[in-house]
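J.: What follows is a single structure, and I will ask about it in a moment.
The values are calculated or read from the model by the stated rules, or taken from the named source; none is laboratory data. It should be emphasised that the depicted structure is a prediction, and the values quoted were computed from it without experimental measurement. Using ideal geometry, Cβ is built from the backbone for each residue, glycine included, and neighbour counts are taken over all protein chains shown.
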Amino acid sequence: MSDSPEDTTPLNIAESVSPLPWWQNPINIITMLVTMALAAGMIGWLVRDSVDPRPNEVDVGFLQDMREHHENAVAISFVFLDLNETQQSLRTVARSVILGQGIDIGRMIQMLREMGRAEANMGDTSMTWMGMSAAVGSMPGIATPAQLDLLASSAGATANQLFVDLMIEHHLGALEMAEFAVARAQMPEVQGLAGSIVEAQQGEIAELRKLWP
């Protein structure tokens, strides 16, 4: 019995190996990852470039002018606390104003320093960042020296009434400034501070009206 003839057909290796799908080919995978990384980097650059991190006129003007505005509220409160026979609950509000707005003033100064800007309005005009014009020291709600003198010379119920009237008027002026900054400031931290001022002063206005209708 003779053996069957041996198959001597040459083996074609190229034909016997199936090509890998593109997603399994290491070269294709590396190329895809590099492309994705480059695309992500380009998108990140475009996003960063589209958001201007620099403060605008509203950021700087709001911080400088609101610092002065807050300092006036602190002055009103200190004058009131120095008076006799005033309502205890209103004295508590005055202490809250001194503490809360004192903290805000510190934050404003620090923000301005980080921006490389002056810590206070060094010019003669306030509120130009709102498209308005007011002499420094004459912003809406600011108590005048004459009003502070009148408060300092009062006592009892008269002092209570003057304090409430001055502080409500003061807060209403500050609200207009802070709401403008919430809408138009560039820096998120300035918008956040302005928003917290709106919330705090709206609450204090309601409390003052409740304590001394």
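J.: Take the conditions at pLDDT 95 or above and either assigned by TED's automatic domain parsing to the domain that holds Ala206 or touching a strand residue (DSSP E or B) at 6+ places or on another chain (Cβ under 6 Å) (or both) and apply them to Val93. Does it pass? Reasoning before the result, please.
T.: Working: at pLDDT 95 or above: yes; either assigned by TED's automatic domain parsing to the domain that holds Ala206 or touching a strand residue (DSSP E or B) at 6+ places or on another chain (Cβ under 6 Å) (or both): yes.
Yes; evaluated as a whole, the condition is true for this residue.
J.: Oh, and also: Give the range 72-92 a look and list any residue that's part of a helix (DSSP H, G or I) and crowded, with 20+ Cβ neighbours inside 10 Å, or say none.
T.: The first filter runs over the range 72-92 and keeps only residues part of a helix (DSSP H, G or I), leaving 72-81, 88-92.
Of everything in the range 72-92, those that are part of a helix (DSSP H, G or I) and crowded, with 20+ Cβ neighbours inside 10 Å turn out to be Asn72, Ala73, Ile76, Ser77, Val79, Phe80, Leu90.
J.: Considering only residues that are over 13 Å from Ala73 (Cα atoms) and either among the polar types (S, T, N, Q) or under 31 Å from the mean Cα position of the chain (by Cα) (or both), which ones fall in the range 139-166?
T.: Ser153, Ser154, Thr158, Asn160, Gln161
J.: Within the range 84-104, how many residues are among the hydroxyl-bearing types (Ser, Thr, Tyr) and touching a His at 6+ places or on another chain (Cβ under 8 Å)?
T.: Initially, the range 84-104 is screened for residues among the hydroxyl-bearing types (Ser, Thr, Tyr), giving 86, 89, 92, 96.
From what is left, the residues that are touching a His at 6+ places or on another chain (Cβ under 8 Å) are none.
Final tally of qualifying residues: 0.
J.: Give the range 133-144 a look and list any residue that's among the hydrophobic types (A, V, I, L, M, F, W, C) and either touching a Leu at 6+ places or on another chain (Cβ under 8 Å) or under 22 Å from Ile205 (Cβ atoms) (or both), or say none. Talk me through it step by step, then tell me what you get.
T.: Of the residues in the range 133-144, the ones among the hydrophobic types (A, V, I, L, M, F, W, C) are 134-136, 139, 142-143.
Listed by number, the residues that qualify are Ala134, Met139, Ile142, Ala143.
J.: Among the residues of the range 139-192, which ones are crowded, with 21+ Cβ neighbours inside 10 Å and farther than 27 Å from Thr86 by Cα?
T.: Listed by number, the residues that qualify are Met139, Met177, Ala178, Ala181, Ala185, Met187, Val190.
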